[in-house]
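**Student:** Below is one structure. I have some questions about it.
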Amino acid sequence: MQQELTIGLDVGGTKMAFVVADRDGNICEETTIPTISDNHYEITLDRIAYQINQYVSRFENIKGIGIGVPGPVDSKNGIALNAVNLLWKNIPISEGIQQRLTQPLPIYVENDVNVGAIGEQLFGAAKGKSNYVYLAIGTGLGGAVMLDNKIMRGTSYSEMEIGHVSVDPNGRLCTCGLHGCVEMSISGKGFVSNAVQHYAEFPESQIPEDTITTHEIIKCARTGDPLAQFVIDEAATVLGIACSWCITLFNPSQIILGGGLIHATYDLIQDKMMNEIQQRAYDQNREATSITLSKLTDAALGASALVWYHKQDEQRL
C-alpha cells in the first residue's frame, strides 16, 4: 500500500518551515524560506503555494496540508484573524492557497499553539492521551486544551489566552493592555521586564545592565546571581499558579510544557513550580495530573499532524 503523506507549514515572523511527513511523524523532506513579513500577503501566499506545488509534483499520495500561524484563527474557514507580527488581519489563508494549487487538497489552518498541542498527541508527549493541557512558553505564553480528543474552541477564536490573565492588577504593563499578566512573569519578555524593573535593587548582580537578555538571565541564574534567581523564582511561582488553574478547571491527565524557554530553565523552575501546585491545586485533580516537558521540537511536523487530526474529527461527526 502506498505511503500516505501530508505537508506541514509553520508560518513564523522570520521564517516559514515546510515538511513532507508520514503518519508516524517521519519527515521525508523539509524546507525553510524567509517570511519577509513586510510583503503583501498575496505575495506570501504565492511563495507558500509555489513550495507546496513543488512537493505535490514530486510526492504521490499527499492527503492534505496543515498550516500553523500565530494569533487567533478561524479554523473552520481557514482565516488568520490577527497575526500581528506578519501584519495579517482577516487573511483567507486556506482559500488563497487553494486557488494557487496545481491540484486540490484539503487545507487546515490552526493557531500555532493548538498546532503544538495536536502535534504532541500524534508525535510527542501526549500519545494515547485524550484530555490534556499544553502550555507554550517562549517569547510569550500561550495555551491549548484537548478535551475528549477535541481542541477546546472559544467564541472569538481566542480560547486559552492564559498568558493574559492578570495575577497582579498593579504589576508590569503587558502588551495586551492589562497589568501583571502571567506572561509578564513566565516568558522571555517577562524575564527581561522583571529584571529591568528590579535591577537597581540588586547592585551585586552580574547581569550587564546594557544587555539584559533572556540568555544572560538564565546563564547568571546558574551561577547563583541574586537578580537572576529573583526572576526565576517569580516565574516558577506564577507558572505553578497557572498550572494549578488548569488542573482544577480542566481536570487533565497531563500538562505539557513546551517552548524553548521552559526547556532551557525547567531544572531551575521545577521544584518551586511543583511546590506551588501542591499548595494551590484541588487535591483530587492534582493527583490525577502529571507535568511533563514537550517532545515535539519541529513546529512544521506538528502542522502536518493537523490533517490526521481533522480527518479523525470529521469522521466523528
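The values are calculated or read from the model by the stated rules, or taken from the named source; none is laboratory data. This one's a predicted model, so the numbers in the text were calculated from it and none came from an experiment. Cβ coordinates were reconstructed from backbone atoms using ideal geometry, including for glycine residues, and neighbour counts include every protein chain displayed.
**Student:** Only one of these conditions is not met by Arg100: (1) free of Cβ contacts under 8 Å to residues at least 24 places away in the same chain; (2) in a loop (DSSP other than H, G, I, E, B). Which number is it?
**Tutor:** The number of the failed condition is (1).
**Student:** Let me ask something else about it. Residues that are over 13 Å from the mean Cα position of the chain (by Cα), loosely packed, with under 14 Cβ neighbours inside 10 Å, in a helix (DSSP H, G or I) and touching a residue at least 60 places away in the same chain (Cβ under 8 Å): does segment 305-312 have at least one? Walk me through how you get there before you give the answer.
**Tutor:** To start, the set of residues in segment 305-312 that are over 13 Å from the mean Cα position of the chain (by Cα) comprises 305-312.
Filter again for loosely packed, with under 14 Cβ neighbours inside 10 Å, leaving 312.
Next cut, in a helix (DSSP H, G or I) only: 312.
From what is left, the residues that are touching a residue at least 60 places away in the same chain (Cβ under 8 Å) are 312.
Yes, that holds for at least one residue.
**Student:** I need the full set of residues from segment 115-145 which are touching a residue at least 40 places away in the same chain (Cβ under 8 Å), part of a strand (DSSP E or B) and closer than 19 Å to Gly8 by Cβ, in order please.
**Tutor:** Of everything in segment 115-145, those that are touching a residue at least 40 places away in the same chain (Cβ under 8 Å), part of a strand (DSSP E or B) and closer than 19 Å to Gly8 by Cβ turn out to be Tyr134, Ala136.
**Student:** Keeping to segment 72-130, report how many residues are over 14 Å from the mean Cα position of the chain (by Cα) and farther than 30 Å from Asn251 by Cβ.
**Tutor:** Qualifying residue count for the region: 29.
**Student:** Kindly check whether there is at least one residue in segment 217-228 that is under 18 Å from the mean Cα position of the chain (by Cα) and either modelled with pLDDT of 95 or more or assigned to a strand (DSSP E or B) (or both). Can you show your working first?
**Tutor:** Filtering segment 217-228 for residues under 18 Å from the mean Cα position of the chain (by Cα) gives none.
Among the residues of segment 217-228, not one is under 18 Å from the mean Cα position of the chain (by Cα) and either modelled with pLDDT of 95 or more or assigned to a strand (DSSP E or B) (or both), which makes the answer no.
**Student:** Take the residues in segment 223-247 that are among the small types (Gly, Ala, Ser) and touching a helix residue (DSSP H, G or I) at 6+ places or on another chain (Cβ under 9 Å), then tell me which one is surrounded by the fewest Cβ atoms within 10 Å (Cβ to Cβ). Quick ask: steps written out before the conclusion?
**Tutor:** First, pick out the residues of segment 223-247 that are among the small types (Gly, Ala, Ser): 224, 228, 235-236, 240, 242, 244.
Imposing the further condition that a residue be touching a helix residue (DSSP H, G or I) at 6+ places or on another chain (Cβ under 9 Å) reduces the set to 228, 235-236, 240, 242, 244.
Working: Ala228: 24, Ala235: 27, Ala236: 23, Gly240: 23, Ala242: 27, Ser244: 21.
My answer is Ser244.
**Student:** What about Glu60, is it modelled with pLDDT under 95 and more than 16 Å from Val109 (Cβ to Cβ)? Don't jump to the end; show me each part of the working.
**Tutor:** Numbers: modelled with pLDDT under 95: yes; more than 16 Å from Val109 (Cβ to Cβ): yes.
Answer is yes for this residue.
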